[in-house]
Amino acid sequence: MDIGINGTNTLLAADLGALHTDITSAEADGFSAYWLAQSGSVDAMTVFAAHGTGNGAPRLGTAVIPTWTVHPQAIAAQALTTQAAIGGRLVLGLGLSHEPTVRERWRLTWERPLRQMTDFLDILVPLLTDGAAQHDGHFWSYEGEIQRIGDPPTVMLAALGEQMLRLAGRRTDGTILWCVGTATVRSHIAPVINAAAADADRPPPEIICSLPVWVTDDPTAARGFLDQILASYAELPSYASMLRREGVTGVGGLAIVGSEAEVMDRIGELREAGATQLSAVPLGGTPDEIARTRSALVAAQADGSPSGTGP
């Protein structure tokens, strides 16, 4: 299983230089991908375009860009430009965000989310692949052509519910997960999206599982800290349902926490469950723990099949 880095921690600093350094470090350490959320004042694709081609190794992915606030033609143009700027390694991760955000922050109407995403893809995907789209939708409409720059990027959806997973399997290259554990990947995520892709005669989709990773000798304290600082996720219905499926009450219960050996074992279990990549949020309560966490992830990426579970 591939290992990627989720740059959430660096994103909080809102410092372009720090983000560039973090991406460069992920490139140097041999990770397969670097993921960046679309959050606050930071535009993920602009960060990637500013970074440029780098060493051309890991993919650079948005995790994720909300689809309620920007027309799909504008996203297509930005994605194609970014794809060209970074040497063809963009993963365009898209998501619906959450009802409270849409209603309370953006003052928009939350309705028919599956139709909203379907409309978005009905315009975005043809523009990316063919340079033209014609769609008269409920939420989004467009008729026209754009000049394509190079090859289209990979497209993935943040998908947790069955309908969105089926859409991701039928129409995109995979799903990007958050607040999803091993048991849920095995029993829910992987079976639904894989079946949808097979029914649509598409290649097996990618399942990107993003979780905090923390190498420590005190896992109880680390999990308690994660439950506290990430408590807001347990209050969002879509994430709360994933936590219930996993039988935990907070993100700390999902996080990959423990000794180096325990972390490697958990990564191996995630791979066996059907995840194709761990997008790790590296954490630690001390500089030593942060260094140990990073070293464990580098070793997992180099190994490719933690704990001997791979073929």
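Below are the figures for this structure:
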{"quantity": "Sorted by Cβ density within 10 Å, fewest first, the residues ASP122, ASP288", "calculated": "ASP288, ASP122"}
{"quantity": "The stretch 67-206 - percent relative contact order, Cα under 8 Å, separation 6 or more", "calculated": "23 percent"}
{"quantity": "The chain, relative contact order [Cα under 8 Å, separation at least 6], %", "calculated": "18 percent"}
{"quantity": "Total charge dipole magnitude, the stretch 173-304, about the Cα centre, Cβ charges on Lys, Arg, Asp, Glu only, Debye to nearest 20", "calculated": "240 debye"}
{"quantity": "The stretch 150-210: projected area of the alpha-carbon convex hull, averaged over directions, in nm²", "calculated": "4.1 nm²"}
{"quantity": "SER187 versus ASN55: modelled label distance in nm, points set 7 Å from Cα along the beta carbon direction", "calculated": "4.1 nm"}
{"quantity": "Sorted by Cβ neighbour density within 10 Å, fewest at the top, the residues MET156, MET164", "calculated": "MET164, MET156"}
{"quantity": "Rounded FRET efficiency, nearest 0.05, which uses the C-beta distance separating THR21 from THR109 and R0 of 35 Å", "calculated": "0.30"}
{"quantity": "Whole-number D in µm² s⁻¹ for the stretch 95-140, Kirkwood Cα-pair radius fed into Stokes-Einstein, 25 °C, 0.890 mPa s", "calculated": "212 µm²/s"}
{"quantity": "Whole-angstrom Cα spans of the chain along principal axes, big to small", "calculated": "58, 42, 40"}
{"quantity": "Most fluctuating residue given options TRP106, TRP68, TRP178, as computed from a GNM of the chain linking Cα atoms under 10 Å", "calculated": "TRP106"}
{"quantity": "Residues HIS138, HIS20, HIS51 arranged by fewest to most Cβ contacts within 10 Å", "calculated": "HIS138, HIS20, HIS51"}
{"quantity": "Most mobile listed residue (GLY174, GLY52, GLY252) in the chain, GNM with C-alpha springs under 10 Å", "calculated": "GLY52"}
{"quantity": "Cα-centre dipole for the chain with unit charges at Cβ (Lys and Arg positive, Asp and Glu negative), debye to 20", "calculated": "460 debye"}
{"quantity": "Per principal axis, descending, Cα span of the stretch 1-157 in whole Å", "calculated": "45, 36, 29"}
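Throughout, read-outs are computed from the coordinates displayed, never taken from laboratory work. Because the structure is a prediction, the values reported are computed rather than measured. Every residue, glycine as well, gets a Cβ built from its backbone with ideal geometry; the counts of neighbours run over all protein chains shown.
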